[in-house]
Amino acid sequence: QVQLVESGGGLVQPGGSLRLSCAASGFTFSSYAMSWYRQAPGKERELAARISAFASTKYADSVKGRFTISRDTAKNTVYLQMNSLKPEDTAVYYCNSGYENFWGQGTQVTVSS
């Protein structure tokens, strides 16, 4: 069955970095776009970054220049490198696959001093 397993979240100080990983299984990973969404407390879930099957990328304006999405088809894994983190980046980050719009369980990112 389809599985998306996220890891890499945690507590980081403002200005710090984190790398999120999402390991995918149960579908042909290389054929589908993958995305990272985030949901802050009291807010709607929003797209942070997307990478197509051909590795073209799209970012929310709020993360452009700070976040980088990438994929490793040999490992069936998509990454989100987050640099220069701000308190407003605090959210649960969810991995999403273009295959059947499947969601991971989410990983908490907290940016605080």
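Every condition in (1) on the phi < 0 side of the Ramachandran plot; (2) within 13 Å of the chain's Cα centre (by Cα) holds for GLY8 except the one numbered (1). Being of a type in the set (A, V, I, L, M) and open to solvent by 70 Å² or more (accessible area, probe 1.4 Å) holds for only one residue in LEU11, LEU18, LEU47, and it is LEU11.
Of the candidates ARG38, ARG66, ARG45, ARG50, the single residue that is over 18 Å from GLY106 (Cα atoms), touching a residue at least 12 places away in the same chain (Cβ under 8 Å) and in contact with a strand residue (DSSP E or B) (Cβ under 8 Å, 6 or more places away or on another chain) is ARG66.
Assigned to a strand (DSSP E or B), within 9 Å of the chain's Cα centre (by Cα), under 18 Å from GLY16 (Cα atoms) and aromatic (Phe, Trp, Tyr), is that true of TYR37? It would help to see each step written out before you state the result.
Numbers: assigned to a strand (DSSP E or B): yes; within 9 Å of the chain's Cα centre (by Cα): yes; under 18 Å from GLY16 (Cα atoms): no; aromatic (Phe, Trp, Tyr): yes.
It is false that TYR37 is assigned to a strand (DSSP E or B), within 9 Å of the chain's Cα centre (by Cα), under 18 Å from GLY16 (Cα atoms) and aromatic (Phe, Trp, Tyr).
Looking at ALA40, ALA60, ALA55, can you tell me which residue is at pLDDT below 95 and either open to solvent by less than 80 Å² (accessible area, probe 1.4 Å) or among the small types (Gly, Ala, Ser) (or both)?
Details: ALA40 fails: at pLDDT below 95; ALA60 fails: at pLDDT below 95.
The conditions single out ALA55.
Within the range 77-97, the set of residues being buried (at least 17 other Cβ atoms within 10 Å of the Cβ) and either free of Cβ contacts under 8 Å to residues at least 24 places away in the same chain or not β-branched (Val, Ile, Thr) (or both) comprises TYR79, LEU80, MET82, LEU85, ASP89, ALA91, TYR93, TYR94, CYS95, ASN96, SER97.
The values are calculated or read from the model by the stated rules, or taken from the named source; none is laboratory data. All values derive from a computational prediction rather than experimental measurement. Cβ sites come from the backbone with ideal geometry, for glycine too, and all protein chains shown count toward neighbours. With ligands, DNA and RNA removed, areas are computed over all heavy atoms of the protein, side chains included. Shrake-Rupley method; radii C 1.70, N 1.55, O 1.52, S 1.80 Å.
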